[in-house]
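The values are calculated or read from the model by the stated rules, or taken from the named source; none is laboratory data. Just so you know, these numbers come straight off a predicted model, no measurement behind them. No Cβ is skipped: glycine too gets one built from the backbone with ideal geometry, and neighbour counts run over all protein chains shown.
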Amino acid sequence: MDEVVHAHGHEHVSAEHESTLEVTSDDFLTPAGDCILGIEADRVPSEFDPDFVAACQDGDATITMTIEAGGDTDTVTGSGHPDLTFESDRSHVCRTSDYVDDRTVMVEADAAATDLDRGLVAALADGADATITFAVETP
């Protein structure tokens, strides 16, 4: 089961955060947003299919985020969690920790912004369009 989000890179994409990565529907990015990979996301977690959300609430689920931009691709894999709500109307946040709030779409991720392919980060910093695919698999 997949959910696809389209967003845009921005000159302030630095992907230096060591524990999270984020895609936001905001239309701006400041240099302080070092976890943000894309802005102007065309979909937010609150718009995801309820069946997708329910699958992600399985603590044994595997959630994968694949981001493609400028001919480069990278994948981050993490886990579902019973407390994931997908209620945010603004941002998708993948976390290497098990912290959950309304923006969290994945916990225990195997990578954060700083771990991403630098070619992909450079493309996003140049403003490339991005396609972000969230996939969930349950046992």
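Scanning segment 71-82 for residues being within 17 Å of the chain's Cα centre (by Cα) and assigned to a loop (DSSP other than H, G, I, E, B) gives a total of 2.
Condition check ((1) crowded, with 16+ Cβ neighbours inside 10 Å; (2) part of a strand (DSSP E or B); (3) out of contact with any Ser or Thr (no Cβ under 7 Å at 6 or more places or on another chain)) across all residues:
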position: SER46; (1), (2), (3): no, no, no
position: ALA55; (1), (2), (3): yes, no, no
position: ASP58; (1), (2), (3): yes, no, no
position: ALA122; (1), (2), (3): yes, no, yes
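Restricting attention to segment 60-71, the residues that are farther than 17 Å from ARG118 by Cα and crowded, with 19+ Cβ neighbours inside 10 Å add up to 2. On the stretch given as segment 12-40, residues that are part of a loop (DSSP other than H, G, I, E, B), touching a helix residue (DSSP H, G or I) at 6+ places or on another chain (Cβ under 6 Å) and not acidic (Asp, Glu) total 4. Assess whether SER88 counts as being within 13 Å of the chain's Cα centre (by Cα), part of a loop (DSSP other than H, G, I, E, B) and hydroxyl-bearing (Ser, Thr, Tyr). Here the answer is yes, as SER88 does meet what is asked. Against the numbered list (1) surrounded by fewer than 18 Cβ atoms within 10 Å (Cβ to Cβ); (2) at pLDDT 95 or above, LEU29 comes up short only at (1).
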